[in-house]
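Enquirer: A single structure is presented below for examination.
Nothing in this text is a laboratory measurement; each read-out follows from the coordinates by a stated rule. On a predicted model such as this, the values are computed, not experimentally measured, just so you know. All Cβ positions, glycine included, derive from the backbone under ideal geometry; neighbour counts span all protein chains shown.
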Amino acid sequence: MFEKVLIANRGEIALRVIRACKELGIRTLAVYSDADVDSLHVQLADEAICIGAAPSSESYLKIDRIMSAAEVGDVDAIHPGYGFLAENAHFAEVVESCKIKFIGPPSHVIQKMGDKNMARACARKSGVPVTPGSDGVVENDKDAAKVAKKIGYPVMIKAVAGGGGRGMRAAHNETSLIAGYHSARLEAEKAFGAADVYIEKLIVNPHHIEFQIVADTHGRVVHLGERDCSIQRRNQKVIEECPSPIMTPGLRKKMGNAAVKLAKSVGYQNTGTIEFLVDEDRRFYFMEMNTRLQVEHTITEEVYGCDLVKEQIRIAAGEPLSPHVARAVPRSHAIQCRINAEDPANNFQPSPGRIAFYYAPGGRGVRIDSHAYTGYVVPPYYDSLIGKIITIGATRSSAIDRMRRALDEYYVTGIKTTVPFHAAIMRSGEFRDGKYDTGFVERMMSSEAFQLVPPRAHLHE
Amino acid sequence: MKKNDLSVFEMEKDGFRIKLQKGLGDQPIIASTAAPAVPNGPATAGAAPTSAESASLKEIASPMVGTFYRAGSPDGSPFVDVGTKVNEDTVVCIIEAMKVMNEIKAETSGVIAEVVAENSKPVQFGQVLFRVR
């Protein structure tokens, strides 16, 4: 087992990894930017090294500085968290070449599945259904029009090097297709450094259902069920739940087996997630694979009774899959709400700044994964996620009731948060019925009846 | 000092240095240190500069993460010492990162007032290496 791990990340996920390491008796080294000197993960780590100025490009994305810190700190392994360098095959390769363990899949697997087009090809090859689409990169707008006509509108133009809901353009007819083709390429070049795009059939208002994969280094691959991430705003997930309200045992078996088959076929190791789109007729299509730990790993942990970060560390250290993970079965229901430092009353404008007062809910069945605290200054340089609230219930409706109760206690002043937005969703009939899709948030917010629900407490005012 | 309304008093003589400052509140802060006698001696435990003096000194901060070395080789003489005159291109130290020896330039001009970082110890981004008058 490792003696010391460097956490190449920040915020709530850095805290999450540090907690798992501490429980395993592993020493922790945090790296941080100038803006994060007072961050909780820096305070709680055994050691901390400043690696640069505030902007990510000058700190958290600086491979050379992270590797220097790893050398100076004499670490055995590096955990990349999510985002930043977590799916950067070059980073994984550099770490491996320095004889340090990268807590994640091998770099060549990250490379393969990171290319969205290549990933689709792998899926097709292993017999996993994929959304009808182009046979690879679309070279010019004439080919784009041909492919789109063949698939049938509406279609989605997607960046090959994209991900996380970025670098996409929908097109409903040939005119918008041609325009979308060119603007998607331009955007892709800017955001990901590669202009190549491919085309997929656009499934209107699908359900976004993903499967958690855990694979050790001895060839054993299992899945830990699904998460429904259909509650999204502008292609960014806001609420996730496990299990999915539209899942049936038969569909779970089919999708789970497809996920495991695909993971095995590419030689996957460690944790990963396979994302599917499911249409109204419960037909599923492979969308993409995320070769990292996800933000919403928490709800799988609660329902399947495991610690996925500890399992990641064990797998990276060469241990076989833990028995309790290998034979895990789902029990109870879990929901996660992502709390962002954004103002839902003002088009979700970012709201960085000093948290004047922070009180997080507690009580039975409530889990908080957050690096926030009273007096903490949320920096403007990074994503706006300040915490995740997870509730567990014996049934879906008790998990929802619990989330509604807990959000009413989640009290943060000094900055704006999305707590009132989540509180409104917990009261929505459509959500409570489990009859929602990726168009839900848009519909809810444009309805006349929509109202944000601020917390009830008036502490410290 | 109070009588003469002095806030800082500094004296250096024969390898001994003392600094007195009329500090915050009415407490005088006394800091003293032995100045380095030989170039290859142990790293200077520099006197914590008084806040009044720090404000006027320029800092050379580390642009990277690595190990700080005062000399170009284990038995070489340090690039600079307290009292050395530097200009922008003067190499003041080496920072070793990933087995690569990086020569660090002063990027300021003046006279080295203090060697802050410790020889062969790790330094992080932004850490103060030297203070320059």
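Enquirer: Under 18 Å Cα to Cα from A:Lys201, which aspartates and glutamates show up? Leave out anything in the same chain fewer than 8 places away.
Expert: Cross-link targets: A:Asp135, A:Glu139, A:Asp141, A:Asp143, A:Glu174, A:Glu275, A:Asp279, A:Glu280, A:Asp281, A:Glu288, A:Asp437.
Enquirer: Let me ask something additional. To the nearest 20 Debye, how big is the dipole of chain A about its Cα centre, given +1 on the beta carbon of each Lys and Arg and -1 on that of each Asp and Glu?
Expert: Details: 57 positive and 56 negative charges, 257 e Å.
Once rounded to the nearest 20, the dipole reads 1240 debye.
Enquirer: Over all Cα pairs of region A:132-201, how is the pair count split among 5 Å bins, expressed in % and running from 0 up to the last occupied bin?
Expert: With 5 Å bins starting at 0, P(r) equals 4, 21, 34, 25, 13, 3.
Enquirer: From the residues A:Ile231, A:Thr374, B:Ile60, which one has its Cα farthest along the dipole of the protein assembly as shown in the positive direction, the dipole being from +1 and -1 charges on Cβ of Lys/Arg and Asp/Glu about the Cα centre?
Expert: A:Ile231
Enquirer: When the distances between all Cα atoms of region A:207-446 are binned every 5 Å from zero, what whole-number percent does each bin get?
Expert: Once binned at 5 Å, the Cα pair distances of region A:207-446 give 1, 6, 14, 17, 18, 16, 13, 8, 5, 1, 0.
Enquirer: Sort A:Glu288, B:Glu107, A:Glu210 so the one with the fewest other Cβ atoms within 10 Å of its own Cβ comes first.
Expert: B:Glu107, A:Glu288, A:Glu210
Enquirer: If you don't mind, there's one more thing I want to ask. Quick check: from the Cα gyration tensor, does chain A come out rounded (a/c under 1.5), prolate or oblate?
Expert: On the way: a/c = 1.34, a/b = 1.10, b/c = 1.22.
Cα axes put chain A in the rounded bin.
Enquirer: Taking the beta-carbon count within 10 Å as an exposure proxy, list A:Lys254, A:Lys388, A:Lys101 from fewest neighbours to most. Before the final figure, lay out each step's value.
Expert: Numbers: A:Lys254 14, A:Lys388 21, A:Lys101 18.
Lowest to highest Cβ neighbour count: A:Lys254, A:Lys101, A:Lys388.
Enquirer: Let me know the charge dipole size of region A:115-238 about its Cα centre in debye, to the nearest 20, where only the beta-carbon of Lys, Arg (+1) and Asp, Glu (-1) is charged. Walk me through the numbers before you get to the answer.
Expert: Details: 19 positive and 14 negative charges, 37 e Å.
Computed charge dipole of region A:115-238: roughly 180 debye.
Enquirer: If one computes P(r) from the Cα atoms of region B:58-132, what percent of pairs lie at distances over 18 Å?
Expert: On the way: 787 of 2775 pairs.
Within region B:58-132, distances greater than 18 Å cover 28 percent of Cα pairs.
Enquirer: Cα-Cα over 19 Å: which of B:Lys85/B:Lys105; A:Lys112/A:Lys237; A:Lys112/A:Lys261; A:Lys62/A:Lys116? Walk me through the intermediate numbers first.
Expert: Working: B:Lys85/B:Lys105 13 Å; A:Lys112/A:Lys237 24 Å; A:Lys112/A:Lys261 16 Å; A:Lys62/A:Lys116 24 Å.
Over 19 Å apart, Cα to Cα: A:Lys112/A:Lys237; A:Lys62/A:Lys116.
Enquirer: Another question, if that's okay. Treating each Cα of region A:46-147 as an identical point scatterer and ignoring solvent, apply the Debye formula and state log10 I(q)/I(0) at q = 0.11, 0.13 Å⁻¹.
Expert: With one equal scatterer per Cα and no solvent, log10 I(q)/I(0) is -0.50, -0.63.
Enquirer: Excluding residues fewer than 8 places away in the same chain, name every one of the lysines whose C-alpha is closer than 16 Å to that of A:Lys99.
Expert: Partners within reach: A:Lys4, B:Lys99.
Enquirer: Could you work out the helix-only [θ] at 222 nm for chain A, with each DSSP H run of four or more residues adding -39,500 (n - 2.57) and the total divided by the number of residues, to the nearest 500 deg cm²/dmol? Intermediate results must be reported in sequence, preceding the final value.
Expert: Numbers: 16 runs with 156 residues, N = 461.
Helix contribution divided over all residues of chain A: -10000 deg cm²/dmol.
Enquirer: Sorted by average packing, counted as other Cβ atoms within 10 angstrom per residue and highest first, what order do A:362-373, A:444-455 take? Walk me through the intermediate numbers first.
Expert: Details: A:362-373: 16.2, A:444-455: 12.9.
Put in order of decreasing packing, that is A:362-373, A:444-455.
Enquirer: May I ask you to derive the relative contact order of region A:244-306, considering only C-alpha pairs under 8 Å and at least 6 residues apart, and to give it as an integer percent?
Expert: Details: 40 pairs, mean separation 15.1, N = 63.
Once normalised by length, the contact order is 24 percent.
Enquirer: May I ask you to derive the relative contact order of region A:132-201, considering only C-alpha pairs under 8 Å and at least 6 residues apart, and to give it as an integer percent?
Expert: On the way: 130 pairs, mean separation 31.0, N = 70.
Rounded, it is 44 percent for region A:132-201.
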